[in-house]
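Input: a single structure, listed below in structure tokens.
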Amino acid sequence: MNDRIRHLLAQLEAAEKELEKALQERQVHLNFSIKGKRVEFEKSVKAAHKQVKVGLIKWLGNRPINLLTAPIIYGMVFPMLLLDACISLYQAICFPIYKISNVKRSDYIIFDRHHLSYLNIVEKSHCMYCTYGNGLLAYATEIIARTEQYFCPIKHARKMMGRHARYASFVEYGDAKDYQAKLEQFRIDLAEELKAKDKEVCNGRG
């Protein structure tokens, strides 16, 4: 990786940290705090949320045609559950062998929208569905991204949409010089992630 790419990646990382800081400031502005797994709003805000909540009967009457697609949408839960089980089993068995740090499922699948008082029970169900679906795909993507970094960290010749975060540091397409050494370094980096994770766990216990 040349110096210009390293510089751009550093700028990107700095921008992501700045965005995270701005989002945290936005949380304060919206008067909510996170306590463990719970999200709590101030009483006045919670009361205001309940004022704008749409009743179930009225909500169902707004777009009744959507009810026709409900069996199709929610039927997709079954293949998602199968993917979840398979990808979780894969990393549980293989990642320790490869010395790759496991991906934390809870970092990607976060259920917190049910704390919103302005959503009715159906809206909360929809939110849980979307949370699970998108979180699961992000979780699976990171597992496969770490696998790709271990076995074939090479960029594609053509532009690819939806690239994962690790892709930017991969070896350029056609750059055969010292490829095996670079591949070994990628694997060492993954092992270092595992060591850092173990250290965090030990410090947490201490």
Q.
To make sure I understand, if each residue's beta carbon is the centre and we count other beta carbons within 10 Å, what order do Ser106, Ser125 fall in, fewest to most?
A. Ser106, Ser125
(Q) For a quick check: sort Arg63, Arg163 by the number of other beta carbons within 10 angstrom, fewest at the front. (A) Arg63, Arg163
(Q) Strictly over 27 Å apart at the Cα level, which of Lys124/Lys159; Lys17/Lys177; Lys159/Lys182; Lys104/Lys159 would you flag in this model? (A) Lys124/Lys159; Lys17/Lys177; Lys104/Lys159
Q) ³J(HN,Hα) across the stretch 126-140 via Karplus (A = 6.51, B = -1.76, C = 1.60, θ = phi - 60°), whole Hz, x for Gly/Pro? A) 4, 5, 5, 4, 5, 4, 5, x, 5, x, 4, 5, 5, 4, 5
Q) Sorted from fewest to most neighbouring beta carbons within 10 Å, what does the list Glu142, Glu193 look like? A) Glu193, Glu142
(Q) Output wanted: per-residue J couplings in Hz (rounded whole) for the stretch 145-153, from phi through Karplus 6.51 cos²θ - 1.76 cosθ + 1.60, θ = phi - 60°, x for Gly and Pro. (A) 5, 5, 5, 5, 4, 6, 9, 8, x
Q: Would you pull out the residues with amide H under 5 Å of Phe170's amide H, same chain only if 5 or more places away, H placed 1.01 Å from N?
A: none
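Every read-out reported here was derived from the displayed coordinates using simple, explicitly stated rules and does not represent laboratory data. For clarity, every value in this text was computed on a predicted model and none was experimentally measured. No Cβ is skipped: glycine too gets one built from the backbone with ideal geometry, and neighbour counts run over all protein chains shown.
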